[in-house]
Structures are given as C-alpha cells and as structure tokens.
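Okay, so here's the structure we're looking at.
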Amino acid sequence: MSPLGEPIDEVNIRVFAGKQAHRGKLQYFSPKEKKMGNSIKGKDLIKIGFPQDNTVNIALGLISRYKKKESKDRVLKELSEVLYAPDEYIGDGLWGKIAEGLIAPVEVKFNELKIERAPFIIYGENDIDDKTKHQFYQALKLPVSVQGALMPDAHYGYGLPIGGVLATDNAVIPYGVGVDIGCRMSMTIFDAPASFFNGRTHQLENLLKDHTKFGMYETHKIKHDHPVMEDKLFREIPLLRKLKTKAYQQLGTSGGGNHFVEFGVVTITANDCEVPPGEYFALLSHSGSRGLGANIAKHYTQMAVKQCPLPKQVQHLAWLDLNTHDGQEYWKAMNLAGEYAKACHDDIHARLSKRLGLRMLMTIENHHNFAWKENVDGKECIVHRKGATPAGKGQLEIIPGSMIAPGFIVRGLGNTASVNSASHGAGRMFSRAECKSRFTKSEMMNQLAKDGVSLIGGAVDEAPMAYKNIHHVMGNQQELVETIGTFQPKIVRMEGSTSSPAFRQAEQN
C-alpha cells in the first residue's frame, strides 16, 4: 500500500532520485495526484532530487515545449530516471541536455571580441561595400575564429555576410550557416542537344508551370517518398519530430525569393569532363531546406544567443560548442536539413526528367549555406560557408549568374587561402528594397525579352539588373576555380504566376 492507502503498482511506483536514490528510497504517486505535465514547478523537480541550478530551468523549458500534454507523474518518473543514471541519457534527443547539465554543467559566460582578427583574405575587395567588410572583420575577432575569406560576390547579411567563409575551433555558428540550411544548386545535363528547344518553348514553359511548386503554400498533390523522411533523427529529436509533417508536405518544392528552376543550354569546353565538349539541353535548380531548415536555424540560434552572450553588434554570431548536447544536436539537424534539401532537388529533377523523356548524362550539385568539418592549416575546424561554394581541388560546382547572365561550371583549385571556397553566384548589387524603387516590372520584362529569356513568376526584386556582373566576379576568383563550361538560362520559373509575354501568348493558344 502507498502512504495514501492506495494499491501500489508499476505505474505508481517512482524511484526517488538524488541522494535518496542511493539509499533505495521510493516515492509514490497516486492516480489522484495525476496532473498535466505543464503544471510541474521547479519545486517539484527539486523535491525529486534536482540540484538547485540552471538544470531546473532547462528541464522546465523542455517540459513546457515537449511534455505539457503528459501527466505529471509520468514526466516526473522519466526525470527521476535521468537523475538516477544521467550517463545513460547523454545524447538523448529529449533529456540529453539535462543529463549533460547534471554531469558537467555548461558554463555561460560573456565573450569579448579579440583585438586582432584571424588571418583572412578578400577577393574583389574594391567591389565590396564597407558595411559588408566591417561585418566580416567583426566575425574574424570571435574567440573561436581561426581563418576567414570573403568571396567577390559578398554583400551584407545577418551574422556572417553573404559570401563569407569562416573556419572556427570546435564551434558552429547557426547564423554562420544561414537560415536556409543546405541551400544549393543542382544541374542535370541531358542526352539532348541545345536544339531540343526548337519548337518546344511553349511545351517546356508548361512543364515548369505545372510540375514545379514555389513559396510557402504550394505543394505537390501527389507526394513522392524519399529515404530522407525515414531518418531516425525525425524520431529522436523532438523539434524535428514536430517538423516532419511539414517537411513531407514541402518535399520536392522550392522556396521564394531568388530560388528558381530553369531550362537552359550547357556548353562544355573541357576535354576531361564526364561528357564530351559540346552544347546540351539542361535543367538547373536553386533552393534549400524549406521550412525545416528555417525552423532549425531559428531554434538553435535562440539557444546559441542564450549560451554564448556576445557584444550587441555581433550577437547573431553566437555559437554552439560541439562538445555540448546542443552543439551536437544542431550539427545532426543541420546535416539532416542538407540531406532534405538535396532530396527536394532530386524530386524536382526526377519529376521533370520523367516528363521530358530524356536520359540524364551528368549531375553537378553543391551546397552553399552549410558547415563542414575540414582540415585548416593542419587542424580540424568547422568551416562555415554562407553564400559560398566549396572549391576543394578537383570538385565540380555550378556558380549561377542571373536570369540573363550565364552560370559557370567550375572545377575547384583547392586554394587554401580562400579556405577552399569560391563565390556562390554573381552577388547582389542592389537590395530587394532598392530594386523595388529603382526598377519596374515592365523594365525587367523588356530586358528579359531582349535577351530571349522567358520568365514564369518572379518579382522585380530579382531583376537581372539587381546583380553584379558575373564575368567580373569570375575574373576576381581565377585563383579559386577553373571554368569547364557554362549554363545559359532560356526559361526561368520562380515564385508567382506572372509570366512573360511569350508565356501569356502560349496560355491564350
């Protein structure tokens, strides 16, 4: 019988953790005591043996976020088990952070910037504004910074500039990766010549309009399964478990803004490529990890800011130590978001390839918002590339231009001064707000028509005039990559339903 005079069973017996746990003392909960998990207070946790430190706050936060619909006694039972054997819960998706706090509490301390910057180099410095360079300089003063590089397409961003590369010592900066984790390029070269466009322009426009989805709300009616959706992390990490349904709904879709799916002409000039020199019909897509990546970035940035206080002007550069539970969890979630972004591109290319009825000859793909473990000057570091392309020796990558300017198929030269990196595109010359005040939609459409490019969707803030000259940008990074081919856009699909004059005429026909 319990102290309350009620029968004792397996549900009602709870191990009393803390000092008493080693004396075998038991705590009993009657069914009458059952309450919802979100009614648990700090004193309840202290009563079962929690130390009176930040571990209590961590536990209450986790309960509020993930356990508020469960009964009080069930949650306290789980927490008692963590207290009794915290070693067994290290790395656990839900309680791992509490276990870490019980064994070796994470020290929260204010971090001052260093006076001297870490070693760095800037490519195309004369074409990069002072505000962007200053933001980069601040990142180089972080206590964890080892080496940095700024690409010739760089412009101002949050935390690390777009086009910024930063190697750190065992620390990952969520805003050094960016909100759109795993944003990437993917190109498929088909076994069809450039002349495949002849007489098929309207048909190809319809394919893009009918079989690509953009923005927050468009999804495919018929979903395709992909192994990434069965990844165990969707079960083990509570945040990812909550995001799985949305991720499945958005699989195979593209974001808004500068994300696109294009048909165009690839010209291969190198003799040592997988396909012989010549002109080919090709598909190019640009997008990232959708709502999954955005929510991961938001969640772990909030954690980083709390755990890594920094001066106000650089608070977006807060990092997570990879030796901590949160650092490891973000790393796993980031990599999953990268795999998910790849899965979205795979789905896009599979859908369109099936309807084209063409054979794929070659695929070139690369992330440009990600972090990698790489060797930097003889030491393993975390290399953040936010709007920058990996350019290790021999790596094939695609660097896009604009709707009217060519993209470049490149091979990395493995330049260690640039931390094995290159630009991720032409880079913005005018912000989105500036574009809306400088250009009109009719000006943009006239420019596209002049260059023989059809546009489906798209807004004036993505006007070709918004971007730097890609030829100039490529000229500033000849030490980083060698060009082996180009991609010239012909039909561009972006968020929105507004179409080019050619496409509107096709709809009327």
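Just a few scattered comments:
- Total residues in segment 474-501 satisfying the condition of being closer than 20 Å to residue 253 by Cα, at pLDDT 95 or above and among the β-branched types (Val, Ile, Thr): the figure is 2.
- Segment 114-128 residues that are closer than 21 Å to residue 429 by Cα, paired with ones that are in a loop (DSSP other than H, G, I, E, B) (beta carbon under 6 Å, 6 or more apart): 123/476; 123/477; 124/476
- Residues within segment 395-444 that are touching a residue at least 40 places away in the same chain (Cβ under 8 Å), hydrophobic (A, V, I, L, M, F, W, C) and not in a loop (DSSP other than H, G, I, E, B), tallied: 8
- Yes/no for residue 332 being more than 20 Å from residue 266 (Cα to Cα), at pLDDT below 95 and of a type in the set (Lys, Arg): no
- Restricting segment 256-298 to residues that are within 30 Å of residue 454 (Cα to Cα) and polar (S, T, N, Q), the residue that is nearest to the chain's Cα centre (by Cα): 289
- Candidate set: segment 142-178, residues that are among the hydroxyl-bearing types (Ser, Thr, Tyr) and touching an Asp or Glu at 6+ places or on another chain (Cβ under 9 Å); chosen: the one modelled with the highest pLDDT: 145
- Applying the set (1) within 23 Å of residue 59 (Cβ to Cβ); (2) free of Cβ contacts under 8 Å to residues at least 40 places away in the same chain to residue 271 leaves exactly one unmet item: (1).
- Look at segment 229-240: where a residue is in the same structural domain as residue 96 (by TED's automatic domain parsing), no partner that is assigned to a helix (DSSP H, G or I) and at pLDDT below 95 sits 6+ places away or on another chain with Cβ atoms under 8 Å.
- Hits in segment 242-255 (condition: more than 21 Å from residue 206 (Cα to Cα), touching a residue at least 24 places away in the same chain (Cβ under 8 Å) and over 15 Å from the mean Cα position of the chain (by Cα)): 246, 248, 249
- Counting residues in segment 295-314 that are surrounded by 22 or more Cβ atoms within 10 Å (Cβ to Cβ), more than 30 Å from residue 408 (Cβ to Cβ) and not hydrophobic (A, V, I, L, M, F, W, C) gives one or more.
- Scanning segment 304-361 for residues that are under 30 Å from residue 206 (Cα atoms) and outside any helix (DSSP H, G or I) yields a count of 5.
- Between 197, 190, the distinction of being touching a strand residue (DSSP E or B) at 6+ places or on another chain (Cβ under 7 Å) and surrounded by fewer than 19 Cβ atoms within 10 Å (Cβ to Cβ) belongs to 197 only.
- Qualifying strands (runs of 3 or more DSSP E) (wholly inside segment 140-198; at least 2 residues being over 18 Å from residue 320 (Cβ atoms) and not assigned by TED's automatic domain parsing to the domain that holds residue 286): 145-155, 162-168
Residue-by-condition table, conditions (1) of a type outside the set (Val, Ile, Thr); (2) surrounded by 16 or more Cβ atoms within 10 Å (Cβ to Cβ):
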residue	(1), (2)
350	yes, no
362	yes, yes
371	yes, yes
404	no, yes
412	yes, yes
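- Within segment 245-282, considering residues that are hydroxyl-bearing (Ser, Thr, Tyr) and part of a strand (DSSP E or B), the one nearest to residue 357 (Cα to Cα): 280
- Just one of the listed residues (110, 120) is within 28 Å of residue 315 (Cβ to Cβ), surrounded by 18 or more Cβ atoms within 10 Å (Cβ to Cβ) and not assigned by TED's automatic domain parsing to the domain that holds residue 44, namely 120.
- Residue satisfying condition, being within 16 Å of the chain's Cα centre (by Cα) and hydroxyl-bearing (Ser, Thr, Tyr), within set 324, 301, 363: 301
The values are calculated or read from the model by the stated rules, or taken from the named source; none is laboratory data. The structure presented is a predicted model; accordingly, all values stated were derived computationally and were not measured. FYI the Cβ positions are ideal-geometry reconstructions off the backbone, even for glycines, and counts take in every protein chain you see.
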